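Reviewing the structure listed below.
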């Protein structure tokens, strides 16, 4: 049975390094890489910002596709699949980790864009994920 490696992606250099690490790992041992990006409607001072959900989702999809396309070009023999999810980053990544053999995250990332992989998020995932976690520095 192929290994399922889940990678948290937010477009940051750290998340690209995490995805590259996972692609290299899967190239060596076999499996599938799922690059997952979680997006949400940001709230500031209790008010939703004036950006539509459709626009936020489109921005997230564009960012995820750019990262995944770059890794696919670098690792053409590796099966890399994209997953775009709306929700709270820790909750969604923990839920997705239940279907994975390994979760790979960067040690920090873009807090402003999606709230993904800002030190404390990576730490929460280490403690709550349903599978082993690799934090790439």
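A few notes on this one:
- Close pairs from the stretch 87-109: first on the phi > 0 side of the Ramachandran plot and free of Cβ contacts under 8 Å to residues at least 60 places away in the same chain, partner surrounded by fewer than 23 Cβ atoms within 10 Å (Cβ to Cβ) and in a loop (DSSP other than H, G, I, E, B), Cβ under 8 Å, at least 6 apart: 87/40
- Selection from the stretch 72-110 of residues that are outside any strand (DSSP E or B), within 15 Å of residue 128 (Cβ to Cβ) and touching a helix residue (DSSP H, G or I) at 6+ places or on another chain (Cβ under 8 Å): 89, 90, 93, 94, 97
- Counted residues, the stretch 8-23 - those being modelled with pLDDT of 95 or more and in a helix (DSSP H, G or I): 8
- A single entry from 26, 67, 5 fulfils the requirement of being in a strand (DSSP E or B) and under 24 Å from residue 131 (Cβ atoms): 5.
- Odd one out for residue 5 among (1) within 18 Å of residue 121 (Cβ to Cβ); (2) in contact with a helix residue (DSSP H, G or I) (Cβ under 7 Å, 6 or more places away or on another chain); (3) buried (at least 17 other Cβ atoms within 10 Å of the Cβ): (1)
The values are calculated or read from the model by the stated rules, or taken from the named source; none is laboratory data. Computed from a prediction, not measured in an experiment: that's the story for all the values here. All Cβ positions, glycine included, derive from the backbone under ideal geometry; neighbour counts span all protein chains shown.
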